[in-house]
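Working notes, structure below.
The values are calculated or read from the model by the stated rules, or taken from the named source; none is laboratory data. The model shown is predicted, which means the values in this text are computed figures rather than measured ones. Note: ideal-geometry Cβ built from the backbone for every residue, glycine included; neighbour counts use all protein chains shown. These area figures cover heavy atoms from the full protein model, side chains too; ligands, DNA and RNA do not enter into them. Shrake-Rupley method; radii C 1.70, N 1.55, O 1.52, S 1.80 Å.
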Amino acid sequence: MSRAGKTKVAIIGCGNRGADVYARHLAAQGAEITHLVETRPSRLLEVAARCGVDQQRQFSDWNAFFELGKVADAVVIATPDHQHLEPCLAALALGYQVLLEKPVCLSEAELETLLAAEAASSGQVTVCHVLRTTPFFQAVAEVVRSGRLGQLVGITLSENVAWWHYAHSFVRGNWRRSPPTAPFVLAKSVHDLDVLRWLAASAPVRVESQGGLHHFRPENRPVDAADRCVDCAVACPFDARQIYRSRPVDQWPVTVLTAGGLSLEEALESGPYGECVYLGLNTVADHQTVSVTFESGVTAQLTSSAFTHNNTRTLKLLGSHGELRGQMERGEVEVYDFVSGAVSLVRVDASGNHGGGDTGLVSAWLAFLRGEAGVPTPLAESLDSHRMAFWAERSRTGP
């Protein structure tokens, strides 16, 4: 691993997360992006120009990159969901340190495959569980660890996805059909399941779940609705014109539409992000609840829903000596002390992607790569979130 000069990182998968988030934050924090792997030629050229990666270090296939041997200190793997495991195993075989986008795989059996590969490698895998590094959840965890709540008994966490975000990612976007992508609870809420596991400080032992695709179905399509929003006169909260034209063109989610050279208007007229949400092209749940019992006896409930105004997370922690309530978007953590009757309010910075979690994760990973800190989260612990998601989906859909 390079200790002199810049840490060298290759990016495998140059989509929004790989290029627009991780590559950008890594470069901003002093790392050097040395190699790129991306199947889309126009996107590869675009990101290469941005990162200063010459043609000899650009690849359309990760196998060709790995044939070079170990030519960097670490790799970021941010390929589509069903293509995470294979390049990760190849990277570990060469001894790479790996930052692996979630979900790490799409079947429970593959979790053990990944653990075994890490155990046999000199490299380690850090899963992109960004919520742990947000100032908000860091503040929540500090309260729990301080003992101010007494014995932690219960956790209630709500992931408020927001109506427009769900329409973007899970009706029109890459995660609208499972398979081939991960189910909703794994693709979207594995972050939240990881937070529950972190706060409970023990492994899960039982998971139950209910939910389904309630609204985004052809039978709920308004009369006279057109197949594309640009041709539609029906007033609709999911109108793609309103969702995307009202947002900055150089920021997510609009950058997802324009990646590869399309203009926003071209994307609305011809791409999936301009389609009616009632065409029946999505199969994943739009509202789901998960109940978890942990080894410590802590019980937790998670609700993930498309039908919310705010795009945020809210939570309540119930302890023997106090209660905590939090709202991530506002950066508010409120603690009620049963003994003194005092109420304290802590405000933290909640700006940035994932409430500052993207920047925080990259910072923690770079500190690990530079030998300044341990691995941000052990892989075995990170995979508990995936186990909960697999168990939840099995509970929701039945045997």
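Based on the Cα coordinates of the range 292-399, what is the per residue volume of their convex hull in Å³?
Taking the convex hull of the Cα positions in the range 292-399, it is 175 Å³ per residue.
With an 8 Å Cα cut-off and a minimum separation of 6 or more residues, compute the relative contact order for the range 89-170 in percent.
Numbers: 49 pairs, mean separation 22.3, N = 82.
Contact order relative to length: 27 percent.
Tell me, what is the per residue accessible area of the range 282-326 in Å², probe radius 1.4 Å?
Accessible area per residue, the range 282-326: 37 Å².
Quick one: how many Å² of His354 are accessible to a 1.4 Å probe, rounded to 10?
60 Å²
By per-residue mean of other Cβ atoms within 10 Å, what is the highest-first order of 240-246, 9-15?
9-15, 240-246
Give me the tail of P(r) for the range 323-362 as a percent: Cα-Cα pairs with distance above 14 Å.
52 percent
Nearest-5 percent of antiparallel DSSP beta bridges in the chain? Mind dumping the intermediate values first?
Details: 40 of 65 bridges.
For the chain, the DSSP antiparallel bridge percentage is about 60.
Under the definition of Cα pairs under 8 Å and six or more residues apart, what whole-number percent is the relative contact order of the range 250-399?
On the way: 132 pairs, mean separation 13.2, N = 150.
It comes to 9 percent, rounded to a whole number.
Binned at 10 Å from 0, what are the whole-percent values of the Cα-Cα distance distribution for the range 224-356, short to long?
That works out to 10, 25, 29, 19, 13, 4, 0, in percent per bin.
Given a 1.4 Å probe and the protein chains all in place, what does the accessible area of Val234 round to, in Å² to the nearest 10?
The value for Val234 is about 40 Å².
How about the range 47-113: which GluC sites (Glu not before Pro) there are in a DSSP loop, with at most 11 other Cβ atoms within 10 Å of their Cβ?
Counting only loop positions with at most 11 other Cβ atoms within 10 Å, the GluC sites (Glu not before Pro) in the range 47-113 are Glu67.
Let me have the relative contact order for the range 316-376, percent, based on Cα pairs under 8 Å that are six or more residues apart.
Relative contact order for the range 316-376 comes out at 19 percent.
Any idea how many Lys pairs in the chain come in under 24 angstrom at the alpha carbon, given 8 or more places apart or on separate chains?
Counting lysine pairs in the chain gives 6.
Counting only Cα atoms, I'd like the Rg/Rh figure for the range 166-250, Kirkwood definition for Rh.
Ratio of gyration radius to Kirkwood radius: 1.09.
Sum -39500 (n - 2.57) across every DSSP H segment of at least 4 residues in the chain, then divide by the residue count to get the 222 nm mean residue ellipticity, nearest 500. Kindly include the intermediate steps, with their values, before the conclusion.
Values: 14 runs with 122 residues, N = 399.
For the chain, the value works out to -8500 deg cm²/dmol.
What percentage of the solvent-accessible surface of the chain, computed with a 1.4 Å probe over protein heavy atoms, is contributed by carbon and sulfur atoms?
52 percent
So how compact is the range 1-128: Cα radius of gyration and Dmax in angstrom?
Using the Cα atoms of the range 1-128, the pair Rg, Dmax is 13.6, 40 Å.
Using a simple spin-label model with points 7 Å from Cα along the Cα→Cβ vector, what separation in nm is obtained for Glu266 and Ser296?
5.2 nm
Which Rg and Dmax, in Å, describe the Cα atoms of the chain?
Rg then Dmax for the chain, in Å: 21.4, 66.
Towards the positive end of the charge dipole of the chain, with charges on Cβ (+1 Lys, Arg; -1 Asp, Glu), say which of Phe368, Ala117, Leu257 has the farthest Cα.
Farthest towards the positive end: Phe368.
Semi-axes of the equivalent ellipsoid for the range 51-92, please: Cα gyration tensor eigenvalues, times 5, square-rooted, ordered largest first, whole Å. Please report the intermediate quantities before stating the final value.
On the way: eigenvalues 63, 31, 20 Å².
Each semi-axis is √(5λ); the values are 18, 13, 10 Å.
Determine ³J(HN,Hα), in whole Hz, for all residues of the range 284-291 in sequence, where each value follows from phi through the Karplus function 6.51 cos²θ - 1.76 cosθ + 1.60 and θ = phi - 60°; x replaces Gly and Pro.
Calculated HN-Hα couplings, in order: 8, 4, 10, 8, 8, 10, 9, 10 Hz.
Report Rg(Cα)/(2.2 N^0.38 Å) for the range 339-399, keeping two decimals. Don't skip to the end; give the middle numbers.
On the way: Rg = 18.1 Å, N = 61, 2.2 N^0.38 = 10.5 Å.
So the range 339-399 has a normalised radius of gyration of 1.73.
Please compute the per residue accessible area over the range 23-156 with all protein chains in place, 1.4 Å probe, rounded to a whole number of Å².
The answer is 40 Å² per residue.
Taking only Cα atoms of the range 4-66, what ratio of Rg to Rh do you get with Rh as the Kirkwood inverse-distance radius?
Radius of gyration over Kirkwood radius for the range 4-66 works out to 0.94.
Modelling each spin label as a point 7 Å along the Cα-to-Cβ direction, I'd like the Gln151/Ser340 distance in nm, to one decimal.
Placing both labels 7 Å along Cα→Cβ, they lie 2.4 nm apart.
What order do Thr156, Thr312 take when sorted by accessible area (1.4 Å probe), most exposed first?
Highest to lowest solvent-accessible surface, that is Thr156, Thr312.
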